[in-house]
Amino acid sequence: MPGPGPHGAAEGAVKARALIVDDEADIRELLSLTLNRMGLDTDAAESEFEARQLLQKQQYDVCLTDMRLPDGDGLALLGHASRFWPRMPVAVITAYGSAENAVAALKAGAFDYLVKPVQVNQLRALVKSALKLSEGSAVPAPAGAAADSEPAGHTLLGESAPIRQTRAMIDRLARSQAPIHVSGESGCGKELAAKLIHHKSVRHERPFVPVNCGAIPENLVESEFFGYRKGAFTGADGERGGFFQAADGGTLFLDEVAELPLLMQVKLLRAIQEKRVRKVGSAQEEGVDVRVISATHKDLAEEVKAGRFRQDLFYRLNVIELKMPPLRDMPEDIGLLADAFLQRRAVQDGTPVPSLSPGAVRALEDYPFPGNVRELENVLERALALCSGSEITPEDLQLKPAAVEAADIRGLPLEDYLATIEKQAIVEALEKTRYNRTAAAKILGISFRQLRYRMERLGIE
């Protein structure tokens, strides 16, 4: 006679099983009925004590628990389950308006959360994602197989301690649905990290939608995020979905989220908490299943203190923080990154792969790279244009220590010194906004016309 399968049933007849924990009989009945119709077997408990007894007797693929129980709370049960059944996704059910409970549960390791009154379509989407995770579709690949599990051209290269820790954190974050805030300096790979989290998650078959929040004109932000109905405003000739609808079932990556206007921050907070959006010009809300990953080169906590970013939205986005290390903290990885870039360019151009001389490698490792990986690529791009042979030399790199550059600037006449500082500020703003001049002007606190004039005067193309 065959032994029990992974869920306690005879092999060949395995059905997914869910544990439902809630002291309200009507909620238990609704959840059980919905999950039964999805083909799951269910067991129900009305207290933390009963739930722990069932967990000892039966293996479950997913657990749904209320945050408030007669003899405890969902966080205690979540902690117990995480300790003894770490592969079982646990989702919590919170009361309407209890955003703090949902955030606390996600920080404690909950897979996701539902808000009462429970919406059946949201429940189904959550359970489907949890079952994919339970089946192992988002289990991190074994050591040494990371490159095979990452999308082509989107690999987090390096063997230094900071980058290994970052890859391990990405693997852990991929198993959750919690909002993530990716922090770090410009050019250190925040969007790449977000893409990897999406690719390794149960959402990998659905869209990854990146949005540069600083590049959207303020009067269009709401319609771009939530969509609009026909006739909602001048020029709205038809109905259109926004970023949330485009990312439904997948991941919405909000880059430079600190640039969002305060009014839009309020609406974004509600959309994330309630998992519902309203198109501009519509009286009806629609449910969306979106995981939000945000990023900015700014210190969001400082933006909150300055009154430029809402504290409640900060706590909602910053449930888990992923801090990307700067390139200067992992100089041993620079040679590997440089070789990978040069190989990629050689394939694109159909030319032999150039090599870096030992002196060039040392020069790269000694340079602080304030622009991080993006600056490294720019340096190598310039070196390829200057290189006369098959080997890149230190002279081809044209690197100067930051202290020497600063001293050179201070030695200039006043007008030239001010022009140099102004040019650096404009170039940095353009790089941060991926050369969107409207967004760059906003960062600099000047008008688009002023920016265009200054670029022409300073010879910035």
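Each value in this text was obtained by applying a stated rule to the coordinates, not by laboratory testing. Quick caveat, the model's predicted, so the values are computed rather than measured. Note: ideal-geometry Cβ built from the backbone for every residue, glycine included; neighbour counts use all protein chains shown.
Data table
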read-out	value
Per-bin percent of Cα-Cα distances, the range 411-458 [5 Å]	5, 24, 30, 23, 11, 6, 2
Debye, to nearest 20: dipole size of the chain, +1 on Lys, Arg Cβ, -1 on Asp, Glu Cβ	860
Chain lengthening between His80 and Glu332 when straightened (0.36 nm per residue, less Cα-Cα)	86.6 nm
Backbone HN-Hα couplings from phi across the range 383-391 [Karplus 6.51/-1.76/1.60, Hz, Gly and Pro as x]	5, 4, 6, 8, 5, 9, x, 9, 10
Most positive-pole-ward Cα, Ser357, Ile27, Thr65, against dipole of the chain from beta carbon charges	Ile27
In degrees, nearest ten, helix 262-274 long axis to first principal axis of the chain (Cα)	30
Degrees, to the nearest 10: 74-84 long Cα axis against longest axis of the chain	80
Listed residue (Ala440, Ile426, Met455) projecting farthest to the positive dipole end of the range 411-458, Cβ model	Ala440
Point-charge dipole on Cβ atoms (K/R +1, D/E -1) for the range 327-399, about Cα centre, debye to 20	160
Degrees, to the nearest 10: 190-200 long Cα axis against longest axis of the chain	30
Within the chain, percent of DSSP bridges classed antiparallel, to nearest 5	15
Distance violations [Cα-Cα > 32 Å] among Lys190/Lys305; Lys107/Lys305; Lys200/Lys442; Lys15/Lys107; Lys275/Lys442	Lys200/Lys442
Diffusion coefficient, µm² s⁻¹, Stokes-Einstein with Kirkwood Rh over alpha-carbon pairs of the chain at 20 °C and 1.002 mPa s	86
Local electrostatic count, Arg240, Cβ distance below 15 Å [Lys/Arg +1, Asp/Glu -1]	-2
C-alpha center-to-center spacing [the range 153-200, the range 324-394] in angstrom	22
Dipole moment magnitude, nearest 20 debye, the range 17-135 about Cα centre, only Lys, Arg, Asp, Glu C-beta charged	540
Ordering of 345-356, 421-432 by burial proxy (mean other Cβ atoms within 10 Å per residue, highest first)	421-432, 345-356
Value at 222 nm in deg cm²/dmol, rounded to 500, when DSSP H runs of n ≥ 4 in the chain each add -39,500 (n - 2.57)	-13500 deg cm²/dmol
Global form of the range 160-323, assessed from the alpha-carbon gyration tensor, a/c cut-off 1.5	prolate
